[in-house]
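Note sheet for the following structure.
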Amino acid sequence: MAAGLRAAGHEVLEVQLRRDGTWVHDGALLSVVPGAGLLGADVVFAVLHGPFGEDGTVQGLLELLDVPYVGSGVLASAVCLDKYVAKELLARAGVAQVRYAGVHAPCWQADREDVLATLAALRLPVFVKPARLGSSVGIAKVTDAGALPAALDGAFAHDPHVIVEAMSSGVEVECSVLGARHRAEVSQPGEIVLDGDWYDFEAKYEPGGMRLVVPARISPGARERVRATALAAFAHLGCSGLARADFFVEGERVLLNELNTMPGFTTTSVYAKLWEASGLTYEDLVSRLCELAVERHREERSYRY
Ligand SMILES: Nc1ncnc2c1ncn2[C@@H]1O[C@H](COP(=O)(O)OP(=O)(O)O)[C@@H](O)[C@H]1O
Ligand SMILES: [Mg+2]
């Protein structure tokens, strides 16, 4: 990322976020002052995934510092990181998705049998997931009812809210969205080809864990539905800058899985690869994202509040 920004002609100041939550720049602890920006930067590119990075928290801090930042604002970041809330909002907009149910930890602790009886309506197999995590951490595919309690316990170790989803047997298809909330563009969809059963942590992060095929080998109709749904969901959930929209495609049926507001962002990550296949280089992509950040900041500060 830093190399890509430098190659595009930007000056880059690197900040590392450490495990203990502190921020470090040039070997020294970084402290921030509300309203005073961050290191004098014109734009912050917070390449962070999951909780305390992609979930609106860092975005809120950057708002208070009054510095433009790449990607979605506080609300859309928080919504998209919460699989249950995002699904509820998308369902209201009529977006097709797998069947799902949410489970809160106190309900699970109070009456396991009652929860299991409710979940039976989804039928097996199901995917059990912490509602707000990512990178496939804490997710289990359950094919046998006896394994469901352990899968729920496993997900509850990460989050007091868990989502359980009916399995889709569709092809995994992803596309990249770039632009302002209501003026975004979408790449060609790519297809995720896996050796294993599902897109787990190893498949995501180990070299050769998956193969991206562009364009996805789906019908022209499904391809257009994927692209239109990605744009509609991006606008509906209030995203800006960028998102990767992930789908399951079952023949002509297009089901939205999730929107990632800060997808993996190396030169070999799917988000950038899909733009490259659509003719946009990595350098041009990162520069465009910085411009969008500045435009959004300027526009948002133009309103009276
Ligand atoms: N309902 C589902 N049907 C089929 N596969 C699923 C389903 N939910 C998740 N998966 C598999 O698990 C992977 C990770 O799930 P996902 O919801 O995308 O979580 P994460 O935010 O960790 O990426 C998916 O890419 C897919 O391979
Ligand atoms: Mg995913």
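For the reader, a short list of remarks on this structure follows.
- Any hit, the range 21-29, residues being without any contact (Cβ under 8 Å) to a residue 40 or more places away in the chain and surrounded by 15 or more Cβ atoms within 10 Å (Cβ to Cβ): yes
- Boolean, residue 49 is within 16 Å of ligand 2 (Cβ to nearest atom), in contact with a strand residue (DSSP E or B) (Cβ under 9 Å, 6 or more places away or on another chain), open to solvent by 60 Å² or more (accessible area, probe 1.4 Å) and on the phi < 0 side of the Ramachandran plot: yes
- Single residue of the range 161-192 satisfying the filter (within 16 Å of ligand 1 (Cβ to nearest atom) and open to solvent by 30 Å² or more (accessible area, probe 1.4 Å)) that is farthest from residue 279 (Cα to Cα): 167
- The residue that is most open to solvent (accessible area, probe 1.4 Å), among those in the range 124-160 that are more than 15 Å from ligand 1 (Cβ to nearest atom) and more than 19 Å from residue 104 (Cβ to Cβ), is 144.
- Candidates 159, 144, filtered to the one that is out of contact with any strand residue (DSSP E or B) (no Cβ under 8 Å at 6 or more places or on another chain) and either among the acidic types (Asp, Glu) or free of Cβ contacts under 8 Å to residues at least 60 places away in the same chain (or both): 144
- Some residue of the range 64-77 being touching a residue at least 12 places away in the same chain (Cβ under 8 Å), outside any strand (DSSP E or B) and over 30 Å from residue 40 (Cβ atoms): no
- When 244, 301 are checked against the criterion of being within 16 Å of ligand 2 (Cβ to nearest atom), open to solvent by 30 Å² or more (accessible area, probe 1.4 Å) and either of a type outside the set (Val, Ile, Thr) or within 14 Å of residue 179 (Cα to Cα) (or both), 244 stands alone in meeting it.
- If the condition is being open to solvent by 30 Å² or more (accessible area, probe 1.4 Å), hydrophobic (A, V, I, L, M, F, W, C) and not in a loop (DSSP other than H, G, I, E, B), then the range 82-97 contributes 85, 89, 91.
Results for (1) within 16 Å of ligand 2 (Cβ to nearest atom); (2) within 18 Å of residue 189 (Cα to Cα); (3) buried (at least 23 other Cβ atoms within 10 Å of the Cβ), shown as yes or no for each residue.
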| residue | (1), (2), (3) |
| --- | --- |
| 238 | no, no, no |
| 249 | yes, yes, yes |
| 264 | yes, yes, no |
| 280 | no, yes, no |
| 284 | no, no, no |
| 297 | no, no, no |
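- Residue 259 touching a Cys at 6+ places or on another chain (Cβ under 8 Å), in contact (Cβ under 8 Å) with a residue 60 or more places away in the chain and buried (at least 20 other Cβ atoms within 10 Å of the Cβ): yes
- Residue within the range 173-183 that is free of Cβ contacts under 8 Å to residues at least 24 places away in the same chain and within 14 Å of ligand 2 (Cβ to nearest atom) present: no
- Residue pairs meeting the criteria (Cβ under 6 Å; at least 6 apart or on separate chains; first at pLDDT 95 or above, in the range 88-113; second charged (D, E, K, R) and not in a helix (DSSP H, G or I)): 98/165; 100/165
- Taking the criterion of being within 14 Å of ligand 1 (Cβ to nearest atom) and aliphatic (A, V, I, L, M), the residues of the range 84-123 that qualify are 85, 86, 90, 96, 98, 101, 119, 122.
- Of the criteria (1) crowded, with 17+ Cβ neighbours inside 10 Å; (2) farther than 27 Å from residue 51 by Cβ, which one residue 224 fails: (1)
- Flag: residue 268 matches the condition of being open to solvent by 20 Å² or more (accessible area, probe 1.4 Å) and β-branched (Val, Ile, Thr).
- Being of a type outside the set (Gly, Ala, Ser) and more than 23 Å from residue 86 (Cβ to Cβ) is a description that applies to residue 194.
The values are calculated or read from the model by the stated rules, or taken from the named source; none is laboratory data. Note that the structure is a prediction, hence the values are computed from the model and not measured. For neighbour counting, all protein chains shown are included, and Cβ atoms are generated from backbone atoms with ideal geometry for every residue, glycine included. Accessible surface areas use protein heavy atoms only, side chains included; no ligands, DNA or RNA. Shrake-Rupley method; radii C 1.70, N 1.55, O 1.52, S 1.80 Å.
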